[in-house]
1. Could you pull out every residue, at least 5 positions away or on a different chain, whose amide H is within less than 5 Å of the one on Val84? Hs are placed 1.01 Å off N in the peptide plane, and Pro or chain starts have none.
2. Given a 1.4 Å probe and every protein chain left where it sits, what share in percent of the accessible area of the chain is carbon and sulfur?
3. Treating only the Cβ of Lys, Arg, Asp and Glu as charged (+1, +1, -1, -1), what charge dipole size does the chain show about its Cα centre? Round to the nearest 20 debye.
4. As a test question: what accessible area, to the nearest 10 Å², does Arg36 have when a 1.4 Å probe is rolled over all protein chains in place?
5. Can you give me the distance in nm between label points at Glu28 and Thr62, each placed 7 Å from the Cα along the Cα-to-Cβ direction?
6. If you take all C-alpha pairs in the chain, what percent of them are over 17 Å apart?
Amino acid sequence: MKQCTHADALPHPEPEPCGETCPECLAEGTDPVQLRLCLSCGHVGCCDSSPKQHATAHHKETGHPVMRTFEPGESWRWCFVDHVLV
């Protein structure tokens with residue numbers, strides 16, 4: 001089974017969220033479907049089911065590898081680089 005090679009390098013504690021919603025969606029007037037938190041810098045972006053997929057765009061722009069869900073009651077993490085749940 002493939003493993004994430006980036007989780008051990010994440011900052012501890014995890015970064016504070018930069019906001020409560022996707023700032024790009026807010027600026028564009030679109031509604032995010034679900035939110036994701038970048039575990040490198042705290043950027044909050046919308047998921048790939050959202051029209052603009054800002055969390056994935058953030059990863060592509062910055063190379064930050066791991067995000068976690070920013071939805072209440074959920075705790076999973078995803079590594080964009082290794083394409084695995086962490």
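1. Cys79
2. Values: 2740 of 5230 Å².
Carbon and sulfur atoms account for 52 percent of the accessible area of the chain.
3. Working: 6 positive and 12 negative charges, 55 e Å.
I would put it at about 260 debye.
4. Roll a 1.4 Å probe over it and Arg36 shows about 20 Å².
5. Result: 1.7 nm between the two label points.
6. Values: 1545 of 3655 pairs.
Every Cα pair in the chain considered, those over 17 Å come to 42 percent.
The values are calculated or read from the model by the stated rules, or taken from the named source; none is laboratory data. Note that the coordinates shown come from a computational prediction; the quantities given were computed from them, not determined experimentally. Cβ atoms come from the backbone with ideal geometry, glycine included; neighbour counts cover every protein chain shown. Just the protein is used for accessible areas: all its heavy atoms, side chains included, with ligands, DNA and RNA removed. Shrake-Rupley method; radii C 1.70, N 1.55, O 1.52, S 1.80 Å.
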